[in-house]
1. P(r) of segment A:62-187 in 10 Å steps, Cα pairs, percent per bin?
2. Residue by residue, what Karplus-based ³J(HN,Hα) values in Hz, rounded to whole numbers, does segment A:21-33 have, using 6.51, -1.76 and 1.60 with θ = phi - 60° and x for Gly and Pro?
3. Could you pull out the pairs from A:K141/B:K135; A:K135/B:K135; A:K23/B:K23; A:K135/B:K141 whose alpha carbons sit more than 21 Å apart here?
4. What's the exposure ranking of A:M86, B:M137, B:M49, going from fewest to most Cβ atoms within 10 Å?
5. What list do you get for A:S38, A:S59, A:S94, A:S153 if you sort them by fewest beta carbons within 10 Å?
6. Averaged over peptide A:118-125, how many Cβ atoms belonging to another chain are found within 10 Å of each residue's Cβ?
7. Could you compute the FRET efficiency for B:D66 and A:H64, with r as their C-beta to C-beta distance and R0 at 25 Å, rounded to 0.05?
8. Based solely on its DSSP helices, what 222 nm [θ] is calculated for chain A when runs of n ≥ 4 H residues each add -39,500 (n - 2.57) and the sum is averaged over all residues, nearest 500 deg cm²/dmol?
There are 2 protein chains.
Amino acid sequence: MRSPQPHRNGGDNPFHSTVSLRKLRRFNYLILVFRLASFSSSLASFVFMLSTSRAAANSPRWYHFDAFRFVVGANAIVALYSLFEMVASVWEISRESTLFAEVVQLWFDFGHDQAFAYLLLSADSAGTALARVLKGMDTCKAWNAFCIQVDISIALGFVGFLFLGFSSLLSGFRIACFIIKGSRFHL
Amino acid sequence: MRSPQPHRNGGDNPFHSTVSLRKLRRFNYLILVFRLASFSSSLASFVFMLSTSRAAANSPRWYHFDAFRFVVGANAIVALYSLFEMVASVWEISRESTLFAEVVQLWFDFGHDQAFAYLLLSADSAGTALARVLKGMDTCKAWNAFCIQVDISIALGFVGFLFLGFSSLLSGFRIACFIIKGSRFHL
């Protein structure tokens, strides 16, 4: 028979609870690694795109193009968000409780992961389409360094998206655990 | 105390099993509606983009542009996939079992939902970026009908993405149920 109460914080069996805590901690370390990776990639992508402005005086600028502005904005948002989530993750690992109330934290993480993963992918795809158009025109012949920096920035953005997508799978699993069992613990 | 066995097919309590079945059926109807909506939108998007070729003889064609080819391909894939998933969904509602083995079906649905949602968003973002570039050039002044049809096609693609994203949330929840409880039933 199953108990009708939700299975909060690993149950009342102390052994079960310890195993749960260890598994949860491993899970949280994995999330932290993904957050760190997505933070570094999107920060690098942001910096690379901004650094195109340090080229020759009459070279094209990223802010002259809608799609590149979108790439810069999306990467900045994702970098800030990942930084915040790293803090929340370290907090959870060290104090064994979430930064906000559990239900708020889980929905916050999952909702933002999903939305920002789609945002970043959308920005990078738009950036790629524009970069391909510029390659077909004279811009990239005259300003090759600009195009290469843009390409690197977009590629780094895609890497950031990949890690954010992985984080969103993990936070989706946590919220599903919470809905099904009333706790983010999956054991 | 919790039973160590996984909670398969709604448990052994016949009342509980009936309630689960009813809830599962409602859940499946919701998925079917999302599948139908994403099928219609992506098929419409596909047809709209192809129909740009029926304009004046010297008008630009969708297949002259990488990004528009990507939009056509992604929408065709999503339309076919949604059609297949509608069949699988009707099968599950009418026979109360999945088309493939349960575990295969759940991972198949979730994996493809995620991948194709990202694919479609990426295609539509690239298409949007290109459409904006064309608007800034002379193409849209000379061939206004072409640009309008492209815009409609891309907008319909975004609608398809939205419904595919909702489906992916539901199929993600089903796979999480399966991982946590050993069954796609969430009650």
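1. With a bin width of 10 Å, the distribution comes to 13, 36, 24, 16, 9, 3, 0.
2. 4, 5, 5, 4, 5, 4, 4, 5, 4, 4, 4, 4, 4
3. Going by Cα-Cα distance, A:K141/B:K135; A:K23/B:K23; A:K135/B:K141 fall outside the 21 Å limit.
4. B:M137, A:M86, B:M49
5. Arranged by neighbour count, lowest to highest, A:S38, A:S59, A:S94, A:S153 become A:S94, A:S59, A:S153, A:S38.
6. On the way: counts 7, 2, 0, 6, 10, 2, 3, 13.
Per residue, the number of nearby Cβ atoms from other chains is 5 on average.
7. Details: r = 22 Å, r/R0 = 0.87.
E(calc), rounded to 0.05, equals 0.70.
8. For chain A, the value works out to -28000 deg cm²/dmol.
Bear in mind that the values in this text are calculations on the coordinates, not laboratory data. Treat the numbers as computed from the prediction; the structure is a model and nothing was measured. Using ideal geometry, Cβ is built from the backbone for each residue, glycine included, and neighbour counts are taken over all protein chains shown.
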